[in-house]
Amino acid sequence: METQPVVETKGLSRYFKGVVALNEVSVSISPGEVVGLVGDNGAGKSTLVKILSGDLEPSAGQVLIDGAEVHFRHPRDAKNRQIETIYQDLALCENLDIMENVFLGHESYRNPLLRLLDRRRMYRETSQLLEQLAIRVPSTRELVMNLSGGQRQATALARVAKAGARLIILDEPTAALGVNETRNLLDLVMRFKEQGKTIIIISHEMRDVFEVTDRIIVLKRGELVADKRTAETDPDEIVRYIIRGRD
Amino acid sequence: MTAQPSADASGLAVRLPAPLVTLLRRRDSNVFFLLFVLVAAIVFFTIQSPYFFDDRNAFNIGRAVSITGIAAAFATLLMISGGLDLSIGAIMNASGLAAAVIMVDPENSIILAFAIALGISAFIGFSNGIIVTKIGVNPIIATIGMQFVVRGMTLATRSGSALVRDRAFLEIGQGELAIGTLEIPVPVILMLATMLLCYLVLRFTQFGKYIYAIGDNASACRRAGINVAGMRIALYTLSGLGAGFAGIVLAGLTGAGIPYAAGSELSVISAVILGGVSLSGGVGVIQGTLLGVLLVGVLKNGMTLLNINANWQMVVEGSVLMIAVSLDQLKQRI
């Protein structure tokens, strides 16, 4: 018997004022899998990811988590099911420091009734977390506006690790990174995989996709055109699907 | 501290000393700047007028700014979150009038007056919040519309109240509290207490943290699972409550419900902005608002003592605001 998929979509569609952004997409992702989601601009990758993150509601079709249908109305709903997303823009607050961003939405309290923040504890936990993830930053008190692209990414990743996600979605994580930073990120993805987390990664970089994924899903104009095991395909074939779609 | 990276100062025509650059880069550098200007203004007026530096005069200034200050404290929270409330003056009038009309009848209790006046204010603020967040109307338009609606309804109900004779109610605006040898006006104490409350909220609570976070990146907050719409509605409601409380204090001060506060939202907002809050949200501290309110009060009082015509006072007030905001813009190039 096959294992129960962590997340599954059935005939998932989304329309924007008559434009079809996603057209009857059915995918199934097993626990511990690292899946690459590729396609040209406007292929529907972000739309699919936003629906899974609760940032957008589907026009038709179903999303199933652990085999049961869910209706996400707010990102909070997805987070409650341990789905965490790192958006392309990283969704950080520039005017807050690293710790405040890592704990955004997951604060620890000194007094739960008044919601008084336990800042000392959160700073300590952030330092420990960054150490575990082998992420180096100048200080957990540094404002995000003063961080480099890689450090920002690390902050966003630390937030996801903090939240204890089962399914991690990464939207174009390497787009804004340098060579070393990309390396660190891919290492981190592998570490998440070792911890048994399920990962969906959107990327344009074929090299990155082939390095970390088990399976690759190709979208074109909102439709699923290929769903291949990474070991059984090659970059040329995937690029062909991206450009030409299904033969 | 370590040396400044060379890239930092290279864009500047004038090289600034490193400690000054560090000071200017602080989140609350406005506070230092305002403190400096405030002290300078006090020194200037003390030299120019023998009546200025005196505790009676200080309390005159305090009493004059307390109404604006109370409303400004809550407006600061709203504005840091990126919101704006132009119905503050109208709410002050509605609330003050409602409280005074109730208090004119000696049978009625002060608690009833507070409950009705603050209830009306909170409802108006809540309505602003719903219109802005749930319907998506721009805050400027929504709250200007609300300003007209509330002003019209207030004047249609009553053009004013008779004189209030209730001692307790008048004490709120006219009373003094003896602390040591000083007789501190009650409105000043109320303003400082309000500011302190808002300071503690901003500094130590999750609500305060989310105010800054939403002001910087509301969509990131939503994606982090925060109830952004709920936060915004709460902040508009608080802004209404703050304005309503200021209106009650004003009614206590004047001893009747007279719609004096029309247009005072602009004094409130300009004090908040002078204090370092950006209209686009995400920055500002309550200490800045306190100093902004005090600076305007000191300038008005000092100029009055120097017999400077009210028209010119307006010119100075406006210029100070523009200079402060311009300097803040220039600061961002450092």
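Quick rundown of the values:
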| item | result |
| --- | --- |
| Relative contact order computed over segment B:159-256 (Cα-Cα under 8 Å; 6+ residues apart), in percent | 40 percent |
| For segment A:75-142, alpha-carbon Rg and Dmax in angstrom | 13.1, 35 |
| Over segment A:1-45, relative contact order from alpha-carbon pairs under 8 Å, at least 6 apart, % | 36 percent |
| Sparsely packed trypsin sites (Lys or Arg not before Pro) within segment A:1-81, loop by DSSP, other Cβ within 10 Å at most 11 | A:K17, A:R73 |
| Two-decimal Rg to Rh for the protein assembly as shown - Kirkwood Rh, Cα set | 1.06 |
| Residues A:Q62 and B:S219, FRET efficiency given R0 of 30 Å [Cβ-Cβ distance, rounded to 0.05] | 0.70 |
| Relative contact order %, chain B, counting alpha carbon pairs below 8 Å whose residues are six or more apart | 33 percent |
| Neighbour-limited loop hits for trypsin sites (Lys or Arg not before Pro), segment A:151-247 (at most 16 other Cβ within 10 Å; DSSP other than H, G, I, E, B) | A:R221, A:R246 |
| The protein assembly as shown - percent of accessible surface contributed by carbon and sulfur, probe 1.4 Å | 58 percent |
| Segment B:200-244: C-alpha gyration tensor shape, a/c 1.5 cut-off, then a/b vs b/c | oblate |
| Rounded, prolate or oblate (a/c below 1.5 giving rounded, otherwise prolate when a/b exceeds b/c) for chain B by Cα gyration tensor | oblate |
| Probe 1.4 Å, accessible area per residue of segment A:167-243, Å² | 46 Å² |
| Accessible area buried at the A-B interface, both sides summed, 1.4 Å probe (Å², nearest 100) | 2100 Å² |
| Over segment B:51-178, volume per residue of the alpha carbon convex hull, in Å³ | 146 Å³ |
| Share of Cα-Cα pairs in segment A:176-247 lying beyond 16 Å, as whole percent | 51 percent |
| A:S148/A:F16 FRET efficiency (R0 41 Å; Cβ-Cβ; nearest 0.05) | 0.75 |
| Taking the C-alpha atoms of segment A:21-161, convex hull volume expressed per residue in Å³ | 148 Å³ |
| Helical mean residue ellipticity (222 nm; -39500 (n - 2.57) per DSSP H run of 4+; nearest 500) of the protein assembly as shown | -18000 deg cm²/dmol |
| When each of A:K45/A:K162; A:K79/A:K197; A:K17/A:K45; A:K50/B:K209 is checked by Cα-Cα distance, pairs over 22 Å | A:K45/A:K162; A:K50/B:K209 |
| FRET efficiency, 1/(1 + (r/R0)^6) with R0 25 Å, evaluated for A:R76 and A:D118 via beta carbons | 0.70 |
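The values are calculated or read from the model by the stated rules, or taken from the named source; none is laboratory data. What you see is a predicted model; the values in this text were computed from it and never measured. Note that each Cβ is placed from the backbone with ideal geometry, even for glycine, and that neighbours are counted across all protein chains shown. These area figures cover heavy atoms from the full protein model, side chains too; ligands, DNA and RNA do not enter into them. Shrake-Rupley method; radii C 1.70, N 1.55, O 1.52, S 1.80 Å.
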